[in-house]
Structures are given as structure tokens and as C-alpha cells.
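We did not get these values from a lab; they are worked out from the coordinates using the rules stated. Keep in mind the model is a prediction, meaning the values are calculated, not measured. Methodologically, a virtual Cβ is constructed for each residue, glycine included, from the backbone with ideal geometry; neighbour enumeration extends over all protein chains shown.
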Amino acid sequence: MKDNSFKSGFAAIIGAPNVGKSTLLNRVLGEKLAIVSPKPQTTRNRILGVYHGDNFQICFMDTPGIHSTRTVLHKSMVTSALEAVREVDLLVFVIDITYPFDEGAEIILKEIKKRELPVLLVINKIDRTLPEKILPVIEKYAGLFQFVSIIPVSALTGEGIESLIEEIKKNLQQGPEYFPKDMISDQPDTFLAAEIIREKIFINTKREIPYSSAVIITSMSENPEKRLLSIHASIHVETESQKGIIIGKGGAMIKKIGEAARHELERLFGIHMFLELQAKVDKNWTKDTKALKKLGY
Ligand SMILES: Nc1nc2c(ncn2[C@@H]2O[C@H](COP(=O)(O)OP(=O)(O)OP(=O)(O)O)[C@@H](O)[C@H]2O)c(=O)[nH]1
Ligand SMILES: [Mg+2]
């Protein structure tokens, strides 16, 4: 039966790197869909997450952090974020209260001034500041752009998240139920598995290693009798020395990454898992458009 009062829309979550966009998506949905790390440029692809409300639906798009960059990989990431800005019905622009004005924010302000889209400003990480520090940031941003709403939140503690949903709801138009109620994302399990492994690389390695690593699931199969899921994955790095670091002394690093990923994936998929990781050199893959495509960017 057609319900004319149903409201829906696509909302892109945009912002500079590391402001907490992926944490916000996970908090809103109450599920881990997007990987999170303390290092910038964690997210590399757009990630869909659907919030099902009472008679409304918000289709969120998490995006890579917007910053000025020259490298081929990061350019492709920023392009993917800026494309999302052009394809959605409204924007959720996230800033970090602990560094509210950076070059990423400047690029985004320029971009949103070019379009006629409702933009909500989310001031994130308010758990890390004093309440009196928030008002000056609100005032400054209110003077820079006509936001439909400015909402201080903590994606970490959940403070302000309900108000955010309410504010987005107010800005939705009548629209179809794009996704069925039981669907919160369109990402295949192989993508999620590769992302979780990549997250463990981001968390456990230093310097250029996270930025030179990509993960491909080479096989994934389930044995229902044994209730076992087997995943084989390759970690692609750019040089032999990076491969050595990923493997670690006596294989210690790759074991650590594998174990952390396996624990989390077992929890997420609710099944025992066998995970085998292999490190591979894919020379300068971050600089080569063809190699980027092959690795999913
Ligand atoms: N204290 C605090 N930390 C937060 C909050 N939200 C996110 N973080 C932390 O900020 C860091 C970055 O979070 P992400 O969600 O990966 O940030 P992002 O904006 O998606 O980053 P990119 O994908 O790299 O652009 C992580 O260490 C999070 O735990 C918050 O509300 N409070
Ligand atoms: Mg992210």
C-alpha cells in the first residue's frame, strides 16, 4: 500500500579527516558499519548506512575526509566525498570542537556555498571540551553559512544524537522507502571483512604503513556443518620493506592484525572463523590509477 506521508532522503556525512564521521554513522545506526581509527584518512570509500525511523528513512553516506592533497589515492578519496555532496538531498557537515577551523572545513564551506542544499552543522567531540567553549564556535559558524541547524554532539557518548535525527527528519521531503526495514547497508560481507582487517592495520602500524596498505579478500566460504567461515585475504603494500613490517619479527605483526580482525569479525558475523592473511608487494599502488581501481578505489 502506498503511504504518501512517508519521508526519506540521502544525507552525506562530510568533514575534514578524523573529525568522527564514521564514529557518528556507527553511533546513529547502533552498528559498526564503518571502520574507525585515531589516524586521519581512515575511510576510503563511501559507505551507506540506513536509519529506519517511524514513517521516515535517512540514507546516510559516510565519506572520506576532505583535505587538500596531491597523492593519487587521496585525490580519489576526496573526489568520492565531493561527488557525494552533489548526489544527496542534505548534508551533515561534521567538525571537531577541539580543532574547529581547519583547511578541510574551508574547502567544504566553499563547496556548500556553491549548492542549494540544506546543511546541518554537527559539532562533534563535545565530551572533550568545556561547555562554554561551544557557543563561540556556533556563533562563528553561524556567521559563515546559513545552516538549517547546528547541533553539538558526542559520537562517542551518544549525547545529542537524538536531536540530530530529529533535525534531519524536519528537513526530509516526502519520498519512497528506498530500502527495506531489515536492510541497513548495501555493503557486501567481503567489503566489511576487508575493512575490518584494514582497521587493524591502521591501529597497529605506524608512519606510512596504514597509508600504503590495501586489503583484498581472495576467498570467503562457509562450512555450515562445522559452523566455520574461512576467509583468505591479501594485504597489499608498496615496497618489500613495508611487507617486512607488516609481517613483523617471526610473523608477529601479521598474526596480531589477523587475531584482532578475526575476533571482531566473529562477533560481527556470529560464526567461528578461520582467517589467513598474506602480505604482497604491489609496487607504488597508491600512485597508479589502474592499481587503485584493482584495489577498489
Ligand atoms: N572523544 C571523542 N572522540 C571521538 C568522537 N568521535 C570520534 N572520536 C574519535 O576520533 C577518531 C577519528 O574517528 P573517525 O570516526 O575514524 O573519524 P572520521 O571523520 O571518520 O575520519 P576519516 O575517515 O579519516 O576521515 C577516533 O579515534 C574516534 O574514536 C567523540 O565524540 N569524542
Ligand atoms: Mg571515517
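Which value does Rg/Rh take for the chain over its C-alpha atoms, Rh per Kirkwood?
0.99
Around PRO64, what is the net charge, scoring Lys/Arg as +1 and Asp/Glu as -1 over all other residues with Cβ under 10 Å from its Cβ?
Net charge in that neighbourhood comes out at +2.
How much length is gained if the chain between ILE271 and LYS294 is pulled fully straight, taking 0.36 nm per residue apart and subtracting their Cα-Cα distance, in nm to one decimal?
So the extension gain works out to 5.4 nm.
Kindly give Rg over Rh for the range 7-174, based on alpha-carbon atoms, with the Kirkwood expression for the hydrodynamic radius.
Computed over Cα atoms, the ratio is 0.93.
Test of understanding: in a Gaussian network model of the chain with alpha carbons linked when under 10 Å, which of ASN223, ASN124, ASN18 would top the mean-square fluctuation ranking?
Greatest mean-square fluctuation among the candidates belongs to ASN223.
Over the chain, what is the percentage of antiparallel beta bridges among all DSSP beta bridges, to the nearest 5?
The answer is about 35 percent antiparallel.
Magnitude of the Cβ-charge dipole of the chain, K/R +1 and D/E -1, about the Cα centre, nearest 20 debye?
Here the size comes out at about 1020 debye.
Starting from 0.36 nm per residue, how many nanometres of slack lie between LYS170 and LEU156 once their C-alpha separation is accounted for?
Roughly 2.6 nm would be gained on extension.
Determine the calculated [θ] at 222 nm for the chain from helices alone, applying -39500 (n - 2.57) to every DSSP H run no shorter than 4 residues and normalising by the residue count; nearest 500 deg cm²/dmol.
-10500 deg cm²/dmol
If you add up the charges near HIS236, with Lys and Arg at +1 and Asp and Glu at -1, over every other residue whose beta carbon is less than 12 angstrom from its beta carbon, what do you get?
For residues surrounding HIS236, the net value is +2.
Averaging sequence separations of C-alpha pairs under 8 Å and six or more residues apart, then dividing by the length of the chain, give the relative contact order as a whole percent.
Values: 547 pairs, mean separation 53.6, N = 297.
So the answer I get is 18 percent.
Go ahead and set up a Gaussian network model of the chain, Cα springs under 10 Å, then flag whichever of ALA252, ALA12, ALA193 fluctuates most.
Top of the fluctuation ranking is ALA252.
Measuring from label point to label point, each 7 Å out along Cα→Cβ, what is the HIS232 to ASN284 span in nm?
The answer from the label model is 3.0 nm.
Pick from ILE35, ILE257, ILE107: which residue has the top mean-square fluctuation in a GNM of the chain where Cα pairs under 10 Å get a spring?
ILE107
All other residues with a Cβ under 9 Å from the Cβ of LEU172 taken together, and with Lys, Arg as +1 and Asp, Glu as -1, what is their net charge? Kindly include the intermediate steps, with their values, before the conclusion.
Values: positive: LYS7, LYS169, LYS170; negative: ASP89.
Neighbourhood net charge equals +2.
Which log10 I(q)/I(0) values does the range 170-241 give at q = 0.11, 0.18, 0.24 Å⁻¹ under the Debye formula, counting every alpha carbon as one identical point scatterer?
-0.48, -0.83, -1.09
In the structure displayed, which of LYS7/LYS32; LYS75/LYS249; LYS170/LYS294 lie more than 31 Å apart, Cα to Cα?
Checking Cα-Cα distances, LYS75/LYS249; LYS170/LYS294 exceed 31 Å.
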